[in-house]
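Everything below concerns the one structure shown next.
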Amino acid sequence: MENRCWAVGLTTATCRPSVRLRACASTLSVCYLRPVLRLLVSTTVIVLSAPALAAQSPAARLVGQWQARGPDDEIHDIMVRRDSSAQFGDQLARWRVVGDSLWLTLGDGAWLVYAMKLERERLTLSGGDLEKPVTLRRVGPATARADTAAIPEAPPAGSRAW
């Protein structure tokens, strides 16, 4: 088996070192730098996007499908969408995040305010009308809201039920 000069495709017998050196120098970016650049670009993208993901607002991180075990020991599904709607069963609510609190309204003219602790795939709510803290687990992405389902109007910020 004969060895080939990878840069110019000649056998080593016909490829002089000076030809190999010039060919290698002219194809250095293609042969050596391309993988290095690819690695550099992908590493840069990961490094630059990591703070953006970590710095996502709590509201953006809240979007998704969540499950919680209720006092009846059954699993309840809660859908939180980007359009500020939240749905549990057939009830549709409007939500917003204010500081470390989750504000919900069912359209009755008042906000229910809960203390919120959001850690990766776990959301813990306390206060408001809850007797004890409730922990929800993210189980997937949010699904689209039906066009026929109207989001309740937002009451004034000062209208708090709790």
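The values are calculated or read from the model by the stated rules, or taken from the named source; none is laboratory data. Source: prediction; values computed, not measured. All Cβ positions, even for glycine, are placed from backbone atoms using ideal geometry, and neighbour counts span all protein chains on display.
Scanning the stretch 68-79 for residues that are within 21 Å of the chain's Cα centre (by Cα) and either closer than 12 Å to L125 by Cβ or exposed (fewer than 13 other Cβ atoms within 10 Å of the Cβ) (or both) returns A68, I78. Only one of the numbered conditions (1) under 23 Å from G158 (Cα atoms); (2) without any contact (Cβ under 8 Å) to a residue 60 or more places away in the chain; (3) assigned to a loop (DSSP other than H, G, I, E, B) is not met by A115, and that is (3). Filtering the stretch 118-127 to residues that are of a type in the set (S, T, N, Q) and touching a residue at least 60 places away in the same chain (Cβ under 8 Å) leaves nothing. Here R82, R96 are screened, and the one residue that is assigned to a loop (DSSP other than H, G, I, E, B), within 15 Å of P152 (Cα to Cα) and not β-branched (V, I, T) is R82. Could you list, in sequence order, the residues of the stretch 119-158 that are assigned to a loop (DSSP other than H, G, I, E, B) and among the β-branched types (V, I, T)? Selection gives T143, T148, I151. Scanning the stretch 121-162 for residues that are in the same structural domain as S101 (by TED's automatic domain parsing), loosely packed, with under 13 Cβ neighbours inside 10 Å and farther than 17 Å from V80 by Cα yields D129, E131, K132, P133. Taken together, T105, T124 contain a single residue that is more than 13 Å from P152 (Cβ to Cβ), touching a Leu at 6+ places or on another chain (Cβ under 9 Å) and among the hydroxyl-bearing types (S, T, Y), which is T124.
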